[in-house]
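Chemist: Let me begin by handing over the structure; questions about it come next.
Taken together, the values in this text are just the output of simple stated rules run on the coordinates, not laboratory data. Nothing here was measured: the structure is a model prediction, and the numbers come from that model. Cβ coordinates were reconstructed from backbone atoms using ideal geometry, including for glycine residues, and neighbour counts include every protein chain displayed.
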Number of protein chains: 4
Amino acid sequence: MLIRTGYDMRFETEVATPMMAMLSLHPSRNKDLVTPHRIVASPDVPIYDYLDGFGNVCTRVTVPAGGLTLSCDFTVQDDGLPDRVVADAVQHAVEDLPDDVLIFLLGSRYCETDRLSETAWSLFGHVPAGWERVQAIVDFAHNHVQFGYQFARPTKTAWDAYQEQQGVCRDFAHLAITLCRCMNIPARYCTGYLGDIGIAPVDAPMDFSAWFDVYLGGAWHVFDARHNTPRIGRILMARGRDATDTALTTTFGPAQLVGFEVHTDEVTG
Amino acid sequence: MLIRTGYDMRFETEVATPMMAMLSLHPSRNKDLVTPHRIVASPDVPIYDYLDGFGNVCTRVTVPAGGLTLSCDFTVQDDGLPDRVVADAVQHAVEDLPDDVLIFLLGSRYCETDRLSETAWSLFGHVPAGWERVQAIVDFAHNHVQFGYQFARPTKTAWDAYQEQQGVCRDFAHLAITLCRCMNIPARYCTGYLGDIGIAPVDAPMDFSAWFDVYLGGAWHVFDARHNTPRIGRILMARGRDATDTALTTTFGPAQLVGFEVHTDEVTG
Amino acid sequence: MLIRTGYDMRFETEVATPMMAMLSLHPSRNKDLVTPHRIVASPDVPIYDYLDGFGNVCTRVTVPAGGLTLSCDFTVQDDGLPDRVVADAVQHAVEDLPDDVLIFLLGSRYCETDRLSETAWSLFGHVPAGWERVQAIVDFAHNHVQFGYQFARPTKTAWDAYQEQQGVCRDFAHLAITLCRCMNIPARYCTGYLGDIGIAPVDAPMDFSAWFDVYLGGAWHVFDARHNTPRIGRILMARGRDATDTALTTTFGPAQLVGFEVHTDEVTG
Amino acid sequence: MLIRTGYDMRFETEVATPMMAMLSLHPSRNKDLVTPHRIVASPDVPIYDYLDGFGNVCTRVTVPAGGLTLSCDFTVQDDGLPDRVVADAVQHAVEDLPDDVLIFLLGSRYCETDRLSETAWSLFGHVPAGWERVQAIVDFAHNHVQFGYQFARPTKTAWDAYQEQQGVCRDFAHLAITLCRCMNIPARYCTGYLGDIGIAPVDAPMDFSAWFDVYLGGAWHVFDARHNTPRIGRILMARGRDATDTALTTTFGPAQLVGFEVHTDEVTG
């Protein structure tokens, strides 16, 4: 399956403002590109990439006084399969986890494992370890939190989402991630494109999406507490401990996002 | 100056419990060793090290049922000088910061930059940028928070410390770090040994200490919001975004710290 | 299966001489340790480890005037299985290889791909790509080179081994690695312990051994051009482009190896 | 000073041929960009970058049957100063070198330290250590080798250049690097743009250039055995152990370079 994906984003600022953006395809998908992948800046200011400690492509650019438009449009090959269900993927004992996976058991800005540990154990301690336990956590988060864009708040954490029972896709992800970590299941936050391939058309402007990975049976597996059903066509952009590590843009000074359009659709060759 | 440093720590558990420890000398001090550096486990269970993403040495070990003692005792060369004051170290524009420094501007588990940003700008926006601004932040944190071991709490964040005005050295560090990051000054959390060399003997059991680094004038500089005075003989163990990244021990299951002795003293050859 | 492994090595020098050693267990085997792994230096001088760019543990130590003994003795769990034969492991097109594998297609100190390319294509161009081609290369190297300790020479390269038809295990490895790379099959040099488990006892003092990995079917696979038969109980110490990257010891100044004993044997719990 | 730099390179192939290219600005110069830096492929095939183990930007692309043109054109800020001479930069004892510098003391494909060690010590053992010794090595290489494009050969090593006394800029660099390493002075190979800023115009088509860095006094310093005089306007593209690690293009299959134009000139804003 071919998926054509991209965005147009317009930022306005009064003074030149440095920005860090994670608006590239994740390197793990580089080999799937069938057209060039290129971020176009308008005006055509200098812009460069580096890799962060999680392997994400970070773009540094200074939004000039007056504003900047960033655009991207590319086509990737995708296997077209829904998220895999591997019901027999085992939960590893902590001592068996690879060294570089351990960090995804720790707390982070939006995932206060220390505050949700008791809750997690009381809710999921009796559920069989492994895939079933993760699914129970995802079911819980999916049902516990009411979705609504009006509930979005940059400071909202997993604990807040748990208490307030309201949020957007990133809050669903943070809550489920935190509960997984509390149960000693490594979990990392993912952000990227997710269109409506294979589902009924959604009557809302397209946005980026947040989901998460858990480490079971020697591999990372996708879960999505917002939708809680296998989906087709996730195009990863960045992953990390939580939304802090994977913010689409971080501006160091005031900047307004005045235009925002995302697309991701199946296309024919 | 030679400093002899080390610890004895005893953990007790009912069942075998995996542990991740950051109880080694930081690699940046390896060349200063004048005796071997070796963590001794008793009983003599398997134990191995890896490097985390921040360059810290992490030790993995399973505390056997019954318990485990970890000990270390080594001597390092030190220049014997107090923390440097570089009053003319400039604050970099964000766009001039090296790529790998940017992460130390972001929020983290105990450093909610998003919640303290307004406070930071109202308090320090008028202070000249650079060393003077950092010193103003450190003065503020030092005076705003009352020290007391009874105020320690694992979930306490910079925001909590700001609100409650009470804490231990890690809370002083988290508050000052967060305020620095809000002002676009990169700041990272440090943990290590700090004895009473050059000051009046302290009548309290020795403990590990927390301080922080800020990035000014193209280099990292030590600040200490708890003591707020240049000190001699800091022996770094780990650094990271905050106390999450540098926890001396993280146990994945219940474990009790039943013995704890730290030493760090000037010695003669 | 449990394997007890280690060494005693004695170096003598007239003046203090810095050394870099790769005499540790490779980190990929850390989880298999059932006893502590510790390099003991006598006299007990300072010694520290770092990780090189290939993920090997490198030890830095200064051999004091008079000399130094390094010893190690540890037990690891091993699956006890002979090297796997995966006859259907496919050869990847170069454009499908992961980024970090490409370096193992390039030339290196002892692997002059530029000088052996024509030979490789004329010998193996007609052999089906994949496992069969690698096995043909290994068969060739195994038969082309006559083994003999007297043929060892530090400057000997794959080209030299090809021309002279004589060498030791590292020369077999270098020749086979080079031919694989010429055929666009990534190959990396390995060094470690290899005892006589599962074969007739060898009537010669035990030594470290050299073999190599090739990348086929999305994974690295062990091949051994010296022995050319699946073996049991390889305990990896280091891997890299060739013997330069994985030298057991590199001394920066004159030093004599005056004692050398290696052991690696199956033991019972 | 502003320098406008870039190239047009045309490759022709009969069948689609994978290529790895190091044709980007080195990341250490990213902050100096005053226009966008972008490799343009014609036809506009997919192309992506990764970072190699030395921190160079590597570009992966498949040259389609028929051929491919790669072009680049950008402007960078430069201090306009000639290569620094730091005559008092000390030579470090090997034990004092940083861990990640040690690799630049080892042999590599084109730098056979093992074969040139005796020569190096007999020629330079009596020269005072440090800058003076490096300069003596550079003087030697500069005078020992006769420059001529007709002497270029892909398999030519430092040893060959020493024996044949003929070569191109990469051979000058390899010989000087090897002699430095033999004397325990870390040296790394550099490739990039070097125009005729500040010198008399050169009556030859412009090419990329090779020079090298040595590690003295806690920092890397530029030396150039081909020109042996401080020059203005080096624009680094890649660095590594030798020309293997920094090849401008490596094609995995036959490809002809049928067009080649490089430019690098001072421009006014």
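Chemist: Give me the net charge of B:A21's neighbourhood, meaning all other residues with Cβ under 10 Å from the Cβ of B:A21; Lys, Arg count +1, Asp, Glu -1. Please report the intermediate quantities before stating the final value.
Modeler: Working: positive: B:R60; negative: B:D49.
Around B:A21, the surrounding residues sum to 0.
Chemist: Same structure, new question: Rounded, prolate or oblate: which fits the protein assembly as shown when a ≥ b ≥ c are the square roots of the eigenvalues of the alpha-carbon gyration tensor, with rounded for a/c under 1.5 and prolate only if a/b beats b/c? Kindly include the intermediate steps, with their values, before the conclusion.
Modeler: Working: a/c = 1.30, a/b = 1.17, b/c = 1.11.
It comes out rounded by the Cα gyration axes.
Chemist: In terms of modelled amide H atoms, which long-range or inter-chain residues lie less than 5 Å from the amide H of C:M206?
Modeler: C:V262
Chemist: So how tilted is helix D:131-144 from the main axis of chain D? Cα-based, degrees 0 to 90, rounded to 10.
Modeler: The answer is roughly 70 degrees.
Chemist: Then there's this: Calculate the radius of gyration of the Cα atoms of region B:212-266 to one decimal place, then report Dmax, the largest Cα-Cα distance, as a whole number, both in Å.
Modeler: That works out to 14.9, 44 Å for Rg and Dmax.
Chemist: Residue by residue through region A:108-115, what is 3J(HN,Hα) from phi via Karplus (6.51 cos²θ - 1.76 cosθ + 1.60, θ = phi - 60°)? Round to whole Hz and write x for glycine and proline.
Modeler: 8, 3, 9, 10, 7, 4, 5, 8
Chemist: Enter the Cα centre distance for the pair region C:55-119 and region B:77-152, rounded to the nearest angstrom.
Modeler: Distance between centres, Cα-based: 45 Å.
Chemist: While we're on this one: Using helices alone, what [θ] at 222 nm do you get for the protein assembly as shown, with -39,500 (n - 2.57) per DSSP H run of 4 or more residues, divided over all residues and rounded to the nearest 500? It would help to have the intermediate numbers written out before the result.
Modeler: Working: 16 runs with 188 residues, N = 1076.
About -5500 deg cm²/dmol.
Chemist: Let me ask another. Using a 10 Å cut-off around each Cβ of peptide C:29-40, what is the average number of partner chain Cβ atoms that fall inside?
Modeler: Working: counts 1, 7, 8, 1, 4, 2, 3, 9, 3, 5, 2, 2.
Mean shielding by partner chains, rounded to a whole number: 4.
Chemist: In whole Hz, what ³J(HN,Hα) sequence does region B:157-174 give by Karplus (6.51, -1.76, 1.60; θ = phi - 60°), x for Gly and Pro?
Modeler: 10, 4, 4, 4, 4, 5, 6, 8, 6, 9, x, 10, 4, 5, 6, 4, 5, 4
Chemist: Here's another thing I want to ask about it. Quick one: Cα convex hull volume of chain D, Å³ per residue? Don't skip to the answer; put the middle values down first.
Modeler: Details: hull volume 35.2 nm³, N = 269.
Dividing the Cα hull volume of chain D by its residue count gives 131 Å³.
Chemist: Right, something else. For a footprinting-style exposure proxy, rank D:W159, B:W211 by other Cβ within 10 Å, fewest first.
Modeler: Working: D:W159 20, B:W211 26.
Result, fewest neighbours first: D:W159, B:W211.
Chemist: Provide a whole-number value for the mean count of partner chain Cβ atoms within 10 Å of the Cβ atoms in peptide C:99-111. Kindly include the intermediate steps, with their values, before the conclusion.
Modeler: On the way: counts 11, 4, 0, 8, 7, 0, 3, 6, 11, 7, 13, 4, 2.
Neighbouring Cβ atoms belonging to other protein chains average 6 per residue here.
Chemist: Please report A:D242, C:D8 as a ranked list, fewest other C-beta atoms within 10 angstrom at the top and most at the bottom. Don't jump to the answer; show the numbers that get you there.
Modeler: Details: A:D242 27, C:D8 16.
Ranked by crowding around the Cβ, least crowded first: C:D8, A:D242.
Chemist: Can you spot the lysines whose alpha carbon is less than 28 Å from D:K156's alpha carbon? Ignore those fewer than 8 places along the same chain.
Modeler: Leaving aside lysines fewer than 8 places away in the same chain, those within reach of D:K156 are C:K156.
Chemist: Highest mean first, how do A:112-122, B:34-44 rank when packing is the count of other Cβ atoms within 10 Å averaged over residues?
Modeler: Ranking the peptides A:112-122, B:34-44 by packing returns A:112-122, B:34-44.
Chemist: Most exposed first by the Cβ proxy, i.e. fewest other Cβ within 10 Å, how do A:T13, B:T17, A:T155 rank? Can you show the working numbers first?
Modeler: Values: A:T13 19, B:T17 22, A:T155 13.
Exposure proxy ranking, most exposed first: A:T155, A:T13, B:T17.
Chemist: Turning to a different aspect of this structure: Stokes-Einstein diffusion coefficient for region C:94-246 at 25 °C in a medium of 0.890 mPa s, Rh from the Kirkwood formula over Cα pairs: what value in µm²/s? If you can, show how the numbers build up before the last one.
Modeler: On the way: Rh = 15.4 Å.
It comes out at roughly 159 µm²/s.
Chemist: So, one more: From the phi of every residue in region B:11-27, what ³J(HN,Hα) in whole Hz does the Karplus formula 6.51 cos²θ - 1.76 cosθ + 1.60 yield, where θ is phi - 60° and glycine or proline is x?
Modeler: 10, 10, 9, 8, 10, 4, 9, x, 9, 10, 10, 10, 10, 9, 4, 5, x
Chemist: Please list the equivalent ellipsoid semi-axes of region D:163-220, computed as the square roots of five times the alpha-carbon gyration tensor eigenvalues, in descending order and whole angstrom.
Modeler: Working: eigenvalues 120, 52, 14 Å².
Sorted largest first and rounded, they come to 25, 16, 8 Å.
Chemist: Could you compute how fast region B:1-103 diffuses translationally, taking Rh as the Kirkwood radius over C-alpha pairs and applying Stokes-Einstein at 37 °C with viscosity 0.692 mPa s? Give it in µm² per second.
Modeler: Values: Rh = 16.7 Å.
Stokes-Einstein gives a translational diffusion coefficient of 197 µm²/s.
Chemist: Hey, another quick one. Give the average, rounded to an integer, of partner chain Cβ atoms located within 10 angstrom of each Cβ in A:60-66.
Modeler: Details: counts 7, 2, 3, 0, 0, 0, 0.
Mean partner shielding for this stretch: 2.
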